[in-house]
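The values are calculated or read from the model by the stated rules, or taken from the named source; none is laboratory data. Just so you know, these numbers come straight off a predicted model, no measurement behind them. Virtual Cβ from ideal backbone geometry, glycine too; neighbours counted across all protein chains shown. The protein model used for the area step is the full one, side chains on, heavy atoms only, and it has no ligands, DNA or RNA in it. Shrake-Rupley method; radii C 1.70, N 1.55, O 1.52, S 1.80 Å.
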Amino acid sequence: GHAEEPWPELARTHRRHLRTGDRSGWLLRRLAGPLGVEALQRALDHAAERRLQRGQFMGTSLSGLREASGAVSAPWGSDIFACYEGELLLGAVLVGWTRRRAYYIRGGSTPEGYQRSASVWLHCAVMRTLAQRGLALYNLGGTPATAERPEDEQHGLHRFKCGFGAEVVRCRGARWCLDRRHQRVHHAAAWVSGWLGAVGSAAR
């Protein structure tokens, strides 16, 4: 697709946000190395702060990416894509790909990007780029089955993903827990760590 195409499969609000980005001259950049990790970390930290304000925890650790050498060979790999207005970062996403399929892994928006719904434009721009590479499927990730209900806390995320005209595929999840007490300690530590990080951010 091209920026000027109407994207009829998008929800009306998504098309409006896409036009806003096109008119504003937003840029899609593929970022590598520390620059990419830094942009993604900034976007994730802001997203986590918003989630925390709603009483939800979201992990933001990118230790695996920081330790990776970045030397990835076909037929699989990953990219960090970021949306900019000039030099202002609006959002960033981590995308994994293999053969003809790509998978959204993590991402978020800065406060400026969130206010302008830049994530819609960013995902559309990523899809255009992936299609040009010959990839045929972009998996936006899942939400719980209960997210279809308006009262569910993840209903907004469900609507956001469906707004791209995505096909909803029902899947079963699996989880292997060796010691539930150990797991609860990890969850509590992660929540406290995220809360302290948000307090520290607000204090700076």
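Okay, residues lined up against (1) touching a residue at least 40 places away in the same chain (Cβ under 8 Å); (2) surrounded by fewer than 17 Cβ atoms within 10 Å (Cβ to Cβ):
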{"site": "117", "(1), (2)": "yes, no"}
{"site": "120", "(1), (2)": "yes, no"}
{"site": "125", "(1), (2)": "yes, no"}
{"site": "130", "(1), (2)": "no, no"}
{"site": "134", "(1), (2)": "no, yes"}
{"site": "137", "(1), (2)": "no, yes"}
{"site": "141", "(1), (2)": "no, yes"}
{"site": "146", "(1), (2)": "no, yes"}
{"site": "153", "(1), (2)": "yes, yes"}
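Looking only at segment 99-110, how many residues end up being over 18 Å from residue 26 (Cβ atoms), open to solvent by 10 Å² or more (accessible area, probe 1.4 Å) and touching a helix residue (DSSP H, G or I) at 6+ places or on another chain (Cβ under 9 Å)? Steps first, please.
Filtering segment 99-110 for residues over 18 Å from residue 26 (Cβ atoms) gives 99-106.
So of that shortlist, the ones also open to solvent by 10 Å² or more (accessible area, probe 1.4 Å) come out as 99-101, 103-106.
When the remaining residues are screened for being touching a helix residue (DSSP H, G or I) at 6+ places or on another chain (Cβ under 9 Å), the result is 104, 106.
Qualifying residue count for the region: 2.
Starting from residues that are of a type outside the set (A, V, I, L, M) and in contact with a strand residue (DSSP E or B) (Cβ under 6 Å, 6 or more places away or on another chain), keep the ones in segment 133-174 and report whichever is modelled with the lowest pLDDT. Give the derivation first.
Residues of segment 133-174 that are of a type outside the set (A, V, I, L, M), as a first pass: 133-134, 138-139, 141-144, 146, 148-156, 158-165, 167, 170-173.
Among the residues that remain, those that are also in contact with a strand residue (DSSP E or B) (Cβ under 6 Å, 6 or more places away or on another chain) are: 138-139, 141.
Working: 138: 91, 139: 89, 141: 82.
Checking each candidate, the answer is 141.
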